[in-house]
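Heads up: the structure comes next, in structure tokens.
Quick note: the coordinates plus some simple rules give every number you see, no bench work behind them. This one's a predicted model, so the numbers in the text were calculated from it and none came from an experiment. So basically every Cβ, Gly included, is an ideal-geometry build from the backbone, and we count neighbours across all protein chains shown.
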Amino acid sequence: MTPVKSRNLRCDVLVIGGGNAGLTAALEADHLKAKVVLMEKSSRACRGGNSRLSGGTFRIASEGTASFLPLLEGTALPGGELLIEPYPQEEFYNVLMAMSKGLADKRLIRTLVERSLDTVRWMKAKGVRWELWPVHRVKRGNSLLWPRGRLALVASNGGEGLVKSLYSAIESRGVMVLYETIAQSLRLTPAGNVCGARAQDAQGLLEIEAARVILASGGFQGNPEWRSHYLGERWRKAELRGTNYDTGEGIQMALAIGAQGVGDWGGCHASVIGQESPQEGSSGGKERYSYHHGIMVNRNGERFIDEGEDIVAYTYAKTGREILKQPGSMAFQVFDGKAIPLLRAEYRQAPGVESDTIEGLAEKIGVDKERFLQGLRAYNAAVVDEKPFVAHRNDGRRTTGLHPEKTNWAQRVDTPPYRAYGVVCGITMTYGGLKIDEKARVLDTLDRAIPGLYAAGDITGGFFYHNYPSGTGLVRGAVFGRIAGAEAGADIGRGDVR
């Protein structure tokens with residue numbers, strides 16, 4: 001048999017993965033005069049990984065409106081006074097630590113928070129166009145308010161626009177992009193330094209020699225076998241909200257040369273999507289994030305979560321996991337006539353079920369009617385009227401005497417028409433990954449930096465455990481992608497390449 005010949009390619013910095021993290025890394029390394037090659041597993045049409053499928057929102061620490069106005073220069077703003085409440089660094093840090101139950105790497109979280117605002121400013125300078133995200137705004141007379149903790153910053157045209165802007169930036173600088181190319185393994189020098197990668201494309205094997213390698217190839221949500229192994233068998237057939245190109249090769253390559261795995265390997269971003277969502281591919285427009293305005297029941301007609309635990313930005317990414325645990329791995333969101341006008345735009349074209357009576361609704365959705373009606377009567381009786389209902393912030397309007405309680409936005413479900421939407425769990429990204437330090441260097445099992453290897457984005461662990469605040473994944477990718485690019489590029493500039 002004739003041996004297969006491989007082709008060879010040389011560069012200073014090889015970036016594996018073409019989403020937000022990899023693109024920012026490539027931009028920064030190129031800025032430092034390194035010769036950069038970007039390897040993207042997908043086709044050109046599907047490039048961008050999870051970033052392309054995202055909403056394009058960024059959670060940043062800020063002083064409020066004054067921090068945002070320079071980012072919005074050149075963008076048409078809505079009429080009226082803009083009021084964006086501050087989100088101090090310490091609050092952002094405390095939210096991330098609290099939502100991870102104290103398990104997140106404090107050094108990495110501090111870096112993410114402190115560099116979040118500067119990074120989006122840098123991205124604007126590189127061509128990303130920012131806008132105000134209308135979903136979380138509240139009208140107050142002639143003013144538009146973005147309350148504390150809600151998201152205000154979004155890339156123009158969402159994830160698609162973000163990816164397009166970043167690719168335009170690297171293409172304008174002449175960075176080589178290898179599409180439909182799958183990385184297979186990392187190359188090492190005799191001294192143990194990473195010096196490139198082996199890959200395969202449509203033409204065959206490809207040997208890439210590089211002084212530095214940056215891994216930005218995502219997690220493993222697109223790999224059913226890994227989901228089953230790390231998350232549990234129930235996750236094998238979970239609806240895939242993130243890209244199916246993220247199947248763990250980057251993680252596997254690094255672990256094979258002694259990298260350290262870290263983080264919540266049994267955890268993932270598990271949001272609430274419509275029952276009609278595709279099992280694989282984008283669920284854009286299928287998000288069902290207004291559950292806090294009603295109640296959520298399983299097929300037995302029973303409530304199973306506190307729908308008003310906190311603002312949706314702090315609960316949505318764990319609520320899907322609870323739905324997956326229910327009979328049939330699905331649930332129903334139930335709203336009455338008071339709540340229907342408060343539903344997010346995604347519900348307008350959603351296939352809901354409606355009835356003028358709550359009994360009729362129960363029959364249409366097929367839940368255990370008696371249990372549902374009994375539970376609803378108990379819920380309505382438990383609503384405490386001492387505090388007014390306030391839609392845009394935690395209002396403390398709660399139930400008492402129930403299990404589970406509803407701790408905010410508790411209103412009786414008693415006003416027709418009644419409407420229900422079937423919902424399921426959508427997996428977006430996984431939380432376990434490679435251990436890195438504040439310089440985005442990949443660490444081995446003795447916490448030593450592996451020479452020549454960096455990582456950024458969803459491939460890294462140590463950031464999210466149990467839960468996730470919206471808009472943080474893209475910020476993590478951009479902050480540490482930029483750091484990885486700067487560190488790898490600076491090494492080249494210093495001549496420190498071996």
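Going through the range 123-225, which trypsin sites (Lys or Arg not before Pro) have at most 14 other Cβ atoms within 10 Å and a DSSP loop state?
Those satisfying the criteria are 148, 173.
On a 32 Å Cα-Cα criterion, which of the cross-link pairs 35/439; 101/387; 35/164; 164/325 come out too long?
Pairs exceeding 32 Å: 164/325.
Let me know the whole percent of all Cα-Cα pairs from the range 1-151 that are separated by more than 28 Å.
37
Roughly how many debye, to the nearest 20, is the charge dipole of the range 268-426 about its Cα centre, given +1 on each Lys and Arg Cβ, -1 on each Asp and Glu Cβ, and no other charges?
160
Identify, among 83, 375, 215, the residue whose Cα sits farthest towards the positive end of the charge dipole of the chain, taking +1 on the Cβ of Lys and Arg and -1 on the Cβ of Asp and Glu, with the dipole about the Cα centre.
Projecting each Cα onto the dipole axis, the largest value belongs to 215.
Determine the relative contact order of the chain: mean sequence separation of Cα pairs under 8 Å and six or more apart, normalised by residue count, in whole percent.
For the chain, the relative contact order is 23 percent.
Relative to a virtual label point 7 Å from the Cα of residue 91 in the Cα→beta-carbon direction, which members of the range 455-481 show backbone nitrogen distances below 20 Å?
Residues 468-473, 475-476 qualify, since their backbone N sits under 20 Å from the label point.
Charges on Cβ only, +1 for Lys and Arg, -1 for Asp and Glu, centred on the Cα centroid of the chain; of 268, 205, 127, which one is farthest towards the dipole's positive end?
About the Cα centre, the residue reaching furthest to the positive side is 205.
Residue by residue through the range 15-28, which ³J(HN,Hα) values in whole Hz follow from phi under the Karplus form 6.51 cos²θ - 1.76 cosθ + 1.60 (θ = phi - 60°), with glycine and proline marked x?
After applying 6.51 cos²θ - 1.76 cosθ + 1.60, I find 10, 9, x, x, x, 3, 5, x, 5, 5, 4, 4, 4, 5 Hz.
Just to confirm my numbers, what's the Cα centroid distance between the range 316-335 and the range 159-221 in Å?
The distance from the Cα centre of the range 316-335 to that of the range 159-221 comes to 37 Å.
What's the FRET efficiency of residue 98 with residue 180 using the Cβ-Cβ distance as r and R₀ = 56 Å, to the nearest 0.05?
0.85
Evaluate the charge dipole of the chain about its Cα centre and quote only its size in Debye, nearest 20, assuming +1 on the Cβ of each Lys and Arg and -1 on the Cβ of each Asp and Glu.
600
Before anything else, pin down the relative contact order of the range 268-426: Cα pairs under 8 Å, at least 6 apart, normalised by residue count, whole percent.
35
Roughly how far apart, in whole Å, are the Cα centres of the range 60-118 and the range 370-393?
Using only Cα atoms, the two centres lie 34 Å from each other.
Can you check how the C-alpha radius of gyration of the range 245-343 compares to 2.2 N^0.38 Å, as a plain ratio?
1.35
Search the structure for amide H atoms under 5 Å from the amide H of residue 185, placed 1.01 Å from N in the peptide plane, and list their residues when 5 or more places away or on another chain.
198
Please compute the net charge surrounding residue 233, taking Lys and Arg as +1 and Asp and Glu as -1 over other residues with Cβ under 14 Å from its Cβ.
+4
What percent of all Cα-Cα pairs in the chain falls in each 10 Å bin, counting up from 0?
Pair shares across the bins are 4, 19, 28, 24, 14, 7, 2, 0, 0.
Provide the convex hull volume over Cα atoms per residue for the range 66-140, in Å³.
116
Could you derive backbone 3J(HN,Hα) for the range 447-462 from the dihedral phi with the Karplus parameters 6.51, -1.76 and 1.60 (θ = phi - 60°), listing whole Hz in sequence and x where the residue is Gly or Pro?
6, 9, 5, 7, x, x, 10, 10, 8, 7, x, 5, 6, 8, x, x
Over the Cα atoms of the range 268-426, each weighted equally, I'd like the Debye log10 I(q)/I(0) at q = 0.21 Å⁻¹, rounded to two decimals.
Treating every Cα as an identical point scatterer, log10 I(q)/I(0) equals -1.56.
Let me know the charge dipole size of the range 295-352 about its Cα centre in debye, to the nearest 20, where only the beta-carbon of Lys, Arg (+1) and Asp, Glu (-1) is charged.
So the dipole magnitude of the range 295-352 works out to roughly 200 debye.
Work from the charge dipole of the chain (Cβ charges, +1 for Lys and Arg, -1 for Asp and Glu, about the Cα centre) and give the residue of 172, 42, 184 farthest towards its positive end.
Most positive-ward Cα: 172.
Please list, in order along the range 78-91, the HN-Hα scalar couplings obtained from phi with the Karplus expression 6.51 cos²θ - 1.76 cosθ + 1.60 (θ = phi - 60°), rounded to whole Hz, x for Gly and Pro.
For the range 78-91, the Karplus-derived couplings read x, x, x, 6, 9, 10, 10, 5, x, 10, x, 3, 5, 5 Hz, x marking Gly and Pro.
So how many Å³ per residue does the convex hull of the Cα atoms of the range 378-490 work out to?
With only Cα atoms used, the range 378-490 gives 178 Å³ per residue.
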